[in-house]
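Chemist: Shown below is the structure under consideration.
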Amino acid sequence: MAKGPYSDKVMDHFMNPRNMGEISDANGVGEVGNPACGDVMKIFLKINDDQVCEDVKFKTFGCGAAIASSSMATELMIGKKVEELLALTNQAIVDALDGLPPAKIHCSVMAEEAIEEALKNYFKSKGQDPAIVDEMKAKIKKEN
Amino acid sequence: MIYLDNVAGTKPDARVVEKMLSFYTEHYGNPSAHFYPIGREAFEAMEAARGEVASFINAKAEEIVFTSCGTESNNLAVKGFLKNPKNSGKHVIISEIEHFSVDSTVTKLINDGYQITKLKVDDSGLVNPDDLKNAIRKDTALVSIQHTNPEIGTIQYTDRLGAVCREAGVAFHVDAIAAAGFSELDVKSLNCDMLSIASQNFYGPRGAAALYIREGVKVSGLMDGGHQERGYRSGSENVPAIVGMGEAARIAKAEMGIWVPELVRLQKQLWDGLGGMFDFLHFTGNKDRRRPGHVSFWIEYIEGESLLMWLSLKGFACASGSACSSNILAEDEEDLAASYVLTAVGVPSDICAGSLGMSMSKYNTQDDIDNVLKVMPETVQRLCEMSPMYNRK
Ligand code: FES
């Protein structure tokens with residue numbers, strides 16, 4: 001069969017999304033919208049006392065690339081520390097998916113942003129200033 | 001695969017392909033070469049095809065100009081008409097749901113000093129003939145309004161729009177590309193001066209289309225060269241495709257009466273089946289005035305591209321007007337945009353997302369429709385479960 005615009009990895013995650021759903025007792029929830037096409041991605045986090053991501057789930061209203069990006073992002077997140085989650089870039093998600101068409105890169109950006117929002121929400125729920133996420137992100141960016 | 005994207009082009013009829021073959025293998029002469037047999041044969045076959053196409057739309061053979069595709073026909077109609085020195089006026093009227101080949105052609109005319117009016121349509125996609133009447137000015141040169149919209153299936157009151165133009169003495173072009181083979185087309189009762197049709201949309205081959213130009217209407221060619229098609233279109237004719245188009249026109253004229261009622265029947269089943277399935281599915285276009293076999297809708301909570309991809313994985317070829325699916329080959333996201341047709345009929349642009357179009361042809365069967373109706377609930381359910389919007393209901 002002729003190949004479509006997406007890699008086999010994207011198609012696999014589109015057809016069999018990992019970690020799709022919600023976490024009822026999540027301690028970090030982030031939702032972002034995509035102004036380019038009106039799509040929405042929501043990420044639910046469960047971070048334990050050691051600041052490790054124990055569980056993560058997603059819900060996405062979006063294209064094939066958006067669904068695959070969220071699914072892949074969750075796979076890359078489980079078992080990672082908060083700092084590692086913040087270091088997870090959209091490029092890492094794209095690479096893990098064996099690439100996305102140029103017009104679809106923004107769908108992976110949505111995943112990175114959703115993680116960021118979920119972590120802000122997590123710090124807030126801990127009584128900390130969510131701005132810490134921006135500071136940590138800026139620091140990571142500088143180091144790279 | 002079950003093909004339900006026939007507005008994008010139909011499967012050529014086997015008789016059409018058969019008829020074309022010898023124009024590749026034997027009668028490969030250039031129709032402008034009249035003094036040896038294979039040239040003359042090509043010419044005669046082309047003229048016979050012209051006769052078939054003319055009779056298909058109740059025109060005279062001399063009123064048919066062959067082009068390469070529907071877009072070319074629409075470009076020739078609009079630009080060729082305005083370019084001709086006999087036609088004056090700097091105002092052009094179209095509707096806001098025209099095909100790109102009319103919409104972008106006309107929009108660019110602004111650079112040449114033209115003023116454009118894009119008539120609003122109602123929420124079923126219809127242009128009100130009174131609105132057209134009110135929009136016509138002293139300096140209106142041309143009105144171009146499509147017969148059938150490929151995306152939402154709506155069929156305009158073309159005859160009435162034409163009558164308004166006649167009365168005002170303004171030229172009227174009809175893009176009937178999505179109509180040919182599905183609705184009866186009679187250029188006289190449609191009151192039009194020009195009409196575009198494309199072979200690939202009624203079981204003919206790609207590469208041939210036509211523009212009807214009513215006798216006496218002045219149009220200038222857009223290409224300079226060897227003066228083929230009486231100067232309306234220079235360039236060697238695509239004889240095999242033209243022959244195929246002639247055969248497709250002959251078949252459509254003779255057999256539309258058989259396949260159209262069947263398409264209407266299947267369409268009703270699909271419509272009723274989908275309508276009863278989810279209360280968050282909304283049909284687009286006009287329920288009564290629509291292309292036979294065409295059903296279009298949008299679904300809340302889910303996005304069009306993922307729906308399209310799932311249906312494709314399950315063996316169905318459909319279309320979507322969603323922003324996400326709009327331009328997968330684009331270089332960046334700025335080129336993604338929801339369909340302006342859907343926006344025009346009031347589908348909110350942030351949820352145009354879940355739009356889908358299914359358009360049948362004479363090859364679709366009862367089984368095809370039963371199968372779509374079988375896979376739709378599970379497919380939609382799956383995407384709903386994934387959607388952050390669904391639970392909020
Ligand atoms: S989510 Fe709209 S293009 Fe990917």
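Chemist: Among B:LEU311, B:GLY257, B:TYR340, flag the residue with its Cα farthest along the positive direction of the charge dipole of region B:256-386, charges on Cβ as +1 for Lys/Arg and -1 for Asp/Glu.
Modeler: With unit charges placed on the Cβ atoms, the residue in question is B:GLY257.
Chemist: Just how far, in whole angstrom, is region B:75-150 from region A:8-23 if you go by their alpha carbon centroids?
Modeler: If you average the Cα positions of each part, the centres end up 46 Å apart.
Chemist: So what's the gap between the Cα centers of region B:329-380 and region A:28-62, to the nearest angstrom?
Modeler: 27
Chemist: Per-residue Cβ counts within 10 Å, from other chains only, averaged over B:328-336: what number is that?
Modeler: 6
Chemist: Under 22 Å Cα-Cα from B:LYS79, which lysines qualify once same-chain neighbours fewer than 8 residues away are excluded?
Modeler: List returned: B:LYS90, B:LYS108, B:LYS118, B:LYS138, B:LYS218.
Chemist: Oh, and also: How many nm separate the modelled label positions at B:LYS374 and A:GLU22, each set 7 Å beyond the Cα in the direction of the Cβ?
Modeler: 3.3
Chemist: Before rounding to the nearest 500, sum -39500 (n - 2.57) across all DSSP H runs of length at least 4 in chain B and divide by the residue total; then give [θ] at 222 nm in deg cm²/dmol.
Modeler: On the way: 10 runs with 138 residues, N = 393.
About -11500 deg cm²/dmol.
Chemist: For the A and B pair, go ahead and give the buried accessible area with a 1.4 Å probe, both sides summed, in Å² to 100.
Modeler: Separately minus together, A and B give about 2400 Å² buried.
Chemist: Per DSSP H run of at least 4 residues, take -39500 (n - 2.57); add these up for chain A, divide by its residues and hand me the 222 nm value, nearest 500 deg cm²/dmol. Don't skip to the answer; put the middle values down first.
Modeler: On the way: 6 runs with 69 residues, N = 144.
Using -39500 (n - 2.57) per qualifying helix, the result is -14500 deg cm²/dmol.
Chemist: Considering every residue in B:316-324, what mean count of other chain Cβ atoms within 10 Å of its Cβ is obtained?
Modeler: Across the residues of B:316-324, the mean count of other-chain Cβ atoms within 10 Å is 3.
Chemist: Could you check the simple spin-label distance between B:TYR24 and A:ALA2, using points 7 Å along Cα→Cβ, in nm with one decimal?
Modeler: 1.7
Chemist: Moving on. Treating only the Cβ of Lys, Arg, Asp and Glu as charged (+1, +1, -1, -1), what charge dipole size does region A:8-143 show about its Cα centre? Round to the nearest 20 debye.
Modeler: That gives a dipole near 160 debye.
Chemist: Here is a further query. What aspartates and glutamates could a cross-link reach from A:LYS9, if we take a straight Cα to Cα line under 18 Å and drop same-chain neighbours fewer than 8 places away?
Modeler: Straight-distance partners of A:LYS9: A:GLU75, A:ASP95, A:ASP98, B:GLU305.
Chemist: Moving on to the next point. What ranking do B:13-20, B:289-296 get when scored by the average of other Cβ atoms within 10 Å per residue, highest first?
Modeler: Taking the mean over residues of other Cβ atoms within 10 Å, the ranking is B:289-296, B:13-20.
Chemist: With a 1.4 Å probe on protein heavy atoms only, tell me which residues of region A:45-76 lose at least 20 Å² of accessible surface in the complex relative to the chain by itself.
Modeler: Residues of region A:45-76 that lose at least 20 Å² of accessible area once the other chains are added: A:LYS59, A:THR60, A:PHE61, A:GLY62, A:CYS63, A:ILE67.
Chemist: Here's something else I'd like to know. Please report the carbon-and-sulfur percent of the accessible area for region A:8-143; probe 1.4 Å, protein heavy atoms only, DNA, RNA and ligands left out.
Modeler: About 48 percent, which is the carbon plus sulfur part of the accessible surface.
Chemist: Sticking with this structure for a sec: Residue by residue through B:380-388, how many Cβ atoms from other chains fall within 10 Å of the Cβ on average? Numbers along the way, then the final one.
Modeler: Numbers: counts 0, 0, 2, 3, 1, 3, 11, 6, 13.
Mean inter-chain Cβ contacts per residue within 10 Å come to 4.
Chemist: Return the distance in nm (one decimal) between the two label points of a simple spin-label model at A:VAL52 and B:ASP367, each offset 7 Å from Cα along Cα→Cβ.
Modeler: 5.5
Chemist: Please give the charge dipole size of region B:12-252, origin at the Cα centre, charges +1 on K and R Cβ atoms and -1 on D and E Cβ atoms. Round to the nearest 20 debye.
Modeler: Dipole of region B:12-252, to the nearest 20 debye: 680 debye.
Chemist: Using 5 Å bins from zero, what percent of all Cα-Cα pairs in region B:256-386 falls into each bin?
Modeler: 2, 10, 20, 23, 20, 14, 7, 3, 1, 0
Chemist: For chain B, give the percent of accessible area contributed by carbon and sulfur heavy atoms, probe 1.4 Å, rounded to a whole number.
Modeler: Answer for chain B: carbon and sulfur cover 52 percent of the accessible area.
Chemist: Connecting C-alpha atoms closer than 10 Å in a GNM of chain B, tell me which of B:GLU247, B:GLU215, B:GLU26 has the biggest fluctuation.
Modeler: Of the options given, B:GLU26 has the highest mean-square fluctuation.
Chemist: Follow-up. In debye, nearest 20: dipole of the protein assembly as shown around its Cα centre with unit charges on the Cβ of K, R (+) and D, E (-)?
Modeler: It comes to approximately 1360 debye.
Chemist: How high is the FRET efficiency between B:ASN58 and B:ARG230 when r is their beta carbon distance and R₀ equals 35 Å, given to the nearest 0.05?
Modeler: Result of the calculation: an efficiency of 0.95.
Chemist: Which residues, if any, in region A:89-128 lose at least 40 square angstrom of accessible heavy-atom surface (probe 1.4 Å) when the other protein chains sit next to their chain rather than the chain being alone?
Modeler: A:PRO102, A:ALA103, A:LYS104, A:HIS106
Chemist: Taking chain B as a Gaussian network, where each spring joins two C-alpha atoms under 10 Å apart, which residue of B:MET277, B:MET360, B:MET194 fluctuates the most?
Modeler: Its mean-square fluctuation being the largest, the pick is B:MET277.
Chemist: Top to bottom by accessible area (1.4 Å), largest first, where do B:HIS34, B:HIS27 land?
Modeler: B:HIS34, B:HIS27
Chemist: Which percent, to the nearest 5, of DSSP beta bridges fully inside the protein assembly as shown are antiparallel?
Modeler: Of the beta bridges lying entirely in the protein assembly as shown, close to 65 percent run antiparallel.
Chemist: Residues of chain B: accessible area per residue at 1.4 Å, in Å²?
Modeler: With the other protein chains kept in place, chain B gives 41 Å² per residue.
Chemist: Here's another thing I want to ask about it. Percent antiparallel among DSSP beta bridges with both residues in region B:12-252, to the nearest 5?
Modeler: If we restrict to bridges inside region B:12-252, about 40 percent are antiparallel.
Chemist: For region B:1-27 and region B:208-235, what is the separation of their Cα centres, given in Å?
Modeler: Cα centroid to Cα centroid, the span is 25 Å.
Chemist: At a Cα cut-off below 17 Å, give the lysines reachable from B:LYS287, other chains included and same-chain residues fewer than 8 away excluded.
Modeler: B:LYS268
Chemist: Please state the relative contact order of region B:27-166 as a whole percent: Cα pairs under 8 Å, 6+ residues apart?
Modeler: That works out to 18 percent.
Chemist: So with the 1.4 Å probe, I'd like the accessible area per residue for chain A, rounded to whole Å².
Modeler: Counting only protein heavy atoms, the per-residue value for chain A is 44 Å².
Chemist: Still on this model: Answer with one residue from A:ILE47, A:ALA2, A:ASN16: the one whose Cα lies farthest towards the positive end of the charge dipole of region A:1-109, charges on Cβ with Lys, Arg +1 and Asp, Glu -1.
Modeler: Checked the options; the winner is A:ALA2.
The values are calculated or read from the model by the stated rules, or taken from the named source; none is laboratory data. Just so it is clear, the model here is predicted, and its values are computed rather than measured. Cβ atoms come from the backbone with ideal geometry, glycine included; neighbour counts cover every protein chain shown. Protein only, heavy atoms only, side chains kept; ligands, DNA and RNA dropped before computing areas. Shrake-Rupley method; radii C 1.70, N 1.55, O 1.52, S 1.80 Å.
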